[in-house]
Ligand SMILES: Nc1ncnc2c1ncn2[C@@H]1O[C@H](COP(=O)(O)OP(=O)(O)OP(=O)(O)O)[C@@H](O)[C@H]1O
Ligand SMILES: [Mg+2]
């Protein structure tokens, strides 16, 4: 098994829009994500969560600090890190099925195998019967599930997910939580998972990193791995409620600070 | 639905009736506007004269068919060349900043130029044959294709490029599988403008000089005073322009079926 730990070392990022002032989005973020660990990123809107994910994805150059995955410095994107984007980023001219198999085509997987895999994934994200639909014909939550299926298709060692369940209703979201945990049991992955939802973070993650309001820094890291029993039981324990409350307070303080800026 | 179609063609029908009656009751001079029936008759003989049925074949070097074919060749190569080269240049400009810096000012300066002004220049450089006509059409159609491709390629959503990249797409695959499809709605709209321009420049360039083409036929018949036949060609050219636009629109809708 290859290792796929992630390490952020003093990472800062400044956006320099062609017009307007430079924006310091991240300021010295350091964070270690162990191999096969599930880390959730919590923080107020605009604190730089997506930015951190884009840098890890290799989409923007890391100008200050370093990011490494499995011991290698990140210099560009690659299929070792699967990304689910906050805005889904589906190819609108491709059907659901064509979107899902895109990464498999790039891996030169033979067509029959590709189609079989696509069918499995369509079932996994409960989109049976929508294989031939175009993204424009789907609801936000459905698009989000296609995006997840497309990323899972290439079975990446590392998963970067930017609010992947944000557009789902409560029931579908719970189902997707179970599916994600089941996938993690079958093929353990290193996950960085951005969310606004404190309960979701505590439920899914081994550790939750709380970020400060912009410029984003790591404010605190909270261990959320259940000390005993499964996650399904965890949700009913005192421990879970306490962790959620504790994180809520941390996030709320930062959210108030973020509000104060405007 | 059927009702709608009928209603839509009523104005056209009224125009046809008016065209028939006005010259007949001498509301307009029939030598300046022959009645529609005479124009249709002339059209019919223009279709058949190539086979030598009438005296027209003796006097006119080409029938509607043979002139239509030479026009089609000019149109096809002019417009086709403009599309291929225009898309290529547009994408290249959008992708390479230095190339953009050099070419952009030229494109912007040439864009508002009246397209027909190119024709005499092309004749001077390339002579009276098909070459100057193809070049005139090509250059006139080039700019809208370049600009729409450029704008479309620049407007590609960043995360689409990123997700293709992270799924393993190479530079070349990115171009063919993400940038061009994403720019396609704008490119196709630009080509529709180019199609309209191509008809204008085609006829204008053939009217001006040469011995072939529908434009030439119009000027030849006009100068010879054969107005019913001249009108027949004018109507033919308009109908072809209209049909080309309709067919293109249909093709465009089919191609962009993935949008809402
Ligand atoms: N392309 C850009 N140009 C300039 N500034 C940007 C750009 N993208 C993001 N920013 C700024 O960087 C900061 C961080 O943005 P980012 O998208 O990473 O936030 P986020 O934590 O993901 O927010 P949200 O939870 O709302 O998705 C924001 O304050 C934003 O204003
Ligand atoms: Mg974000």
Open item on the list: For segment A:44-92: of the residues being in a strand (DSSP E or B) and away from chain B (no Cβ under 13 Å), which is farthest from ligand 1 (Cβ to nearest atom)?
Closed with: A:72
TODO: Select from segment A:21-49 the residues that are crowded, with 21+ Cβ neighbours inside 10 Å, within 16 Å of the chain's Cα centre (by Cα) and within 14 Å of ligand 2 (Cβ to nearest atom) and list them in ascending order.
DONE: A:40, A:41, A:42, A:43, A:44, A:47, A:48, A:49
Open item on the list: Go through (1) more than 30 Å from residue A:93 (Cα to Cα); (2) touching a helix residue (DSSP H, G or I) at 6+ places or on another chain (Cβ under 8 Å); (3) crowded, with 16+ Cβ neighbours inside 10 Å for residue B:169 and report which single condition fails.
Closed with: (1)
Task: Odd one out for residue B:131 among (1) away from chain A (no Cβ under 14 Å); (2) assigned to a loop (DSSP other than H, G, I, E, B) - done: (2)
Open item on the list: Can you go through B:200, B:161, B:179 and tell me which one is out of contact with any strand residue (DSSP E or B) (no Cβ under 9 Å at 6 or more places or on another chain) and surrounded by 21 or more Cβ atoms within 10 Å (Cβ to Cβ)?
Closed with: B:179
- [ ] Look at residue A:10 and say whether it is assigned to a strand (DSSP E or B), farther than 28 Å from residue B:177 by Cα and away from ligand 1 (no atom under 15 Å from the Cβ).
- [x] yes
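Tally the residues that are more than 16 Å from ligand 2 (Cβ to nearest atom) and either within 14 Å of chain B (Cβ to nearest Cβ) or over 13 Å from the mean Cα position of the chain (by Cα) (or both), restricting the search to segment A:161-199.
Narrowing segment A:161-199 to residues more than 16 Å from ligand 2 (Cβ to nearest atom): A:168-191, A:198-199.
Subset that is either within 14 Å of chain B (Cβ to nearest Cβ) or over 13 Å from the mean Cα position of the chain (by Cα) (or both): A:168-176, A:178-179, A:181-188, A:198-199.
Looking only at that region, the number is 21.
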Open item on the list: Looking only at segment A:96-111, how many residues end up being surrounded by fewer than 19 Cβ atoms within 10 Å (Cβ to Cβ) and closer than 22 Å to residue B:253 by Cβ?
Closed with: 1
Open item on the list: Just the residues that are within 14 Å of residue B:194 (Cα to Cα) and either surrounded by fewer than 11 Cβ atoms within 10 Å (Cβ to Cβ) or within 11 Å of the chain's Cα centre (by Cα) (or both), please, taken from segment B:247-259.
Closed with: B:248
- [ ] Output yes when any residue across segment A:111-124 is part of a loop (DSSP other than H, G, I, E, B) and either under 20 Å from residue A:84 (Cα atoms) or away from every other protein chain (no Cβ under 14 Å) (or both), and no when none is.
- [x] no
Open item on the list: Against the conditions (1) outside the structural domain of residue A:254 (by TED's automatic domain parsing); (2) farther than 18 Å from residue A:191 by Cβ; (3) away from ligand 1 (no atom under 14 Å from the Cβ); (4) touching a residue at least 12 places away in the same chain (Cβ under 8 Å), where does residue A:112 fall short? Just the number, please.
Closed with: (4)
Open item on the list: Go through (1) part of a loop (DSSP other than H, G, I, E, B); (2) more than 16 Å from ligand 1 (Cβ to nearest atom); (3) away from chain B (no Cβ under 11 Å) for residue A:20 and report which single condition fails.
Closed with: (2)
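Return yes or no: is residue A:148 more than 16 Å from ligand 2 (Cβ to nearest atom), in contact (Cβ under 8 Å) with a residue 60 or more places away in the chain and over 15 Å from the mean Cα position of the chain (by Cα)?
On the way: more than 16 Å from ligand 2 (Cβ to nearest atom): yes; in contact (Cβ under 8 Å) with a residue 60 or more places away in the chain: yes; over 15 Å from the mean Cα position of the chain (by Cα): no.
Here the answer is no, as residue A:148 does not meet what is asked.
Listed residues A:131, A:103; which is within 20 Å of residue A:154 (Cβ to Cβ) and within 13 Å of chain B (Cβ to nearest Cβ)? Explain how you work it out, then say what you get.
On the way: A:131 fails: within 13 Å of chain B (Cβ to nearest Cβ).
One residue alone meets the criteria, A:103.
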Open item on the list: So in segment A:164-177, with the set limited to residues that are surrounded by fewer than 21 Cβ atoms within 10 Å (Cβ to Cβ) and part of a loop (DSSP other than H, G, I, E, B), which one is farthest from ligand 1 (Cβ to nearest atom)?
Closed with: A:169
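The values are calculated or read from the model by the stated rules, or taken from the named source; none is laboratory data. A quick note: this is a predicted structure, and the numbers were derived from the prediction, not measured. Using ideal geometry, Cβ is built from the backbone for each residue, glycine included, and neighbour counts are taken over all protein chains shown.
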